[in-house]
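Report on the following structure.
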Amino acid sequence: MYLLWKSNTANSITVPLGLQKWQFNGTTTQAGGKWGTPTGSGGPTNGFVVSAGGQANKGYPLWTNVAAQNGFK
């Protein structure tokens, strides 16, 4: 999750202030056309990482692949 900021100055751009990594998992079941109550756990991992100009990607996320839905029908 990235924390972004953009000033209200004309022609300003959005810049990343930092990021927070997350981890989560969960399950649920479907019976009779209705979904059950999901169970799971998760939350933030480690601490907030402040962006710095010296970062290779300047603090922006790097997308290496297209997100895909697995197991949904």
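The values are calculated or read from the model by the stated rules, or taken from the named source; none is laboratory data. Please read these numbers as outputs of a predicted model, since none were measured by experiment. Glycine also receives a Cβ, built like all others from the backbone with ideal geometry; neighbour counts cover every protein chain displayed.
Kindly provide the set of residues from segment 37-58 that are of a type outside the set (Val, Ile, Thr) and assigned to a strand (DSSP E or B), ordered by number.
Matches in segment 37-58: 40, 41, 42, 43, 44, 46, 47, 48.
Looking at segment 1-47, which of its residues are of a type in the set (Ser, Thr, Tyr) and either at pLDDT below 90 or farther than 20 Å from residue 57 by Cα (or both)?
Across segment 1-47, the qualifying residues are 2, 7, 9, 14, 27, 28, 29, 37, 39, 41, 45.
Output the residues belonging to segment 24-36 that are among the hydroxyl-bearing types (Ser, Thr, Tyr) and over 25 Å from residue 1 (Cβ atoms).
Passing the criteria: only 29.
Among the residues of segment 42-50, is any aliphatic (A, V, I, L, M) and under 16 Å from the mean Cα position of the chain (by Cα)?
Yes, segment 42-50 contains a residue that is aliphatic (A, V, I, L, M) and under 16 Å from the mean Cα position of the chain (by Cα).
Go through 41, 51 for me and flag whichever is loosely packed, with under 10 Cβ neighbours inside 10 Å, free of Cβ contacts under 8 Å to residues at least 40 places away in the same chain, on the phi < 0 side of the Ramachandran plot and hydroxyl-bearing (Ser, Thr, Tyr). Break it down stepwise before answering.
Numbers: 51 fails: loosely packed, with under 10 Cβ neighbours inside 10 Å.
Matching residue, one of 41, 51: 41.
Output the number of residues of segment 3-36 satisfying the condition of being of a type in the set (Gly, Ala, Ser) and assigned to a loop (DSSP other than H, G, I, E, B).
So the count comes out to 6.
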